[in-house]
Amino acid sequence: MLSFFKKEFVSGTIAGILIAIGGTVFLSCHDKIVGSFLFSIALLCICLEGFSLYTGKICYLPESTNTDGVKVLPICLLSNVVSTFLCALLLKFTHVSLNKAANLLCVAKLDKSISQVFLDAFFCGILIYLAVDIYKNKKSLVGILVGIPVFILSGFEHCIADVFYFSLCDFAIFVRSFVLLFVTVLGNSLGGVFIPLTKKLSI
């Protein structure tokens, strides 16, 4: 059990670091289209190297035949959140311009209603599932290279990326993010399992 926890926590930590790198390049780009495309390097590396990202792992919960599929999820989410948060704290002091960019982005996120946040997170979950599943079953990177820019440019919400963005913000903005982040986790989770469950029920 300890080795399982350690393995998954390390894998999730690396995935969180990669999301932080993706978020950094997105905030650093003046062109949103270029930034959204470059952000996809995060999921690209996560899929190719087999690291554990919560929004990818949750998609395969309906297919899980043992308890490991359930046990891995809280470990994955915790390690993703911790590593992206710590990366944000480090970058906050070394890349000062990221703070201003994150503040502008996150103030707009906080202006959304709870229902909008949920729907944006739900649709993001669907796109993440498609991106990962196309890679897994078709051995194609098209889903990642198109799906990730699409969810970013659409303004959809990704819980791990949002942890990174809000952690870069001023403290007053950061403390207002907790409800939004909780709703985003819920929306990503339900969106991620929507297609797999639909497929399962239609058999």
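Observations
- The residue list L104, L90, L110 contains one member that is over 19 Å from the mean Cα position of the chain (by Cα), under 16 Å from R176 (Cα atoms) and of a type in the set (A, V, I, L, M, F, W, C), which is L104.
- Residue list for the stretch 82-122, restricted to those being hydrophobic (A, V, I, L, M, F, W, C), at pLDDT below 95 and either farther than 28 Å from F9 by Cβ or in contact with a Ser or Thr (Cβ under 9 Å, 6 or more places away or on another chain) (or both): V96
- Helices (runs of 4 or more DSSP H) (entirely within the stretch 20-106) containing at least 3 residues that are touching a Cys at 6+ places or on another chain (Cβ under 8 Å): 54-57
- The stretch 52-75 - residue that is farther than 20 Å from F156 by Cβ and either surrounded by 23 or more Cβ atoms within 10 Å (Cβ to Cβ) or aliphatic (A, V, I, L, M) (or both) and, of those, modelled with the lowest pLDDT: V70
- No other residue among S79, S36, S40 is surrounded by 17 or more Cβ atoms within 10 Å (Cβ to Cβ), in contact with a Ser or Thr (Cβ under 8 Å, 6 or more places away or on another chain) and at pLDDT 95 or above apart from S79.
- Residue ID - farthest from the chain's Cα centre (by Cα), chosen from residues in the stretch 144-203 that are crowded, with 17+ Cβ neighbours inside 10 Å, of a type in the set (F, W, Y) and closer than 18 Å to L53 by Cα: F194
- Filtering the stretch 6-24 for residues that are more than 26 Å from L153 (Cβ to Cβ) and touching a Pro at 6+ places or on another chain (Cβ under 6 Å) leaves an empty set.
The values are calculated or read from the model by the stated rules, or taken from the named source; none is laboratory data. Please read all numbers here as calculations on a predicted model, not as lab measurements. All Cβ positions, glycine included, derive from the backbone under ideal geometry; neighbour counts span all protein chains shown.
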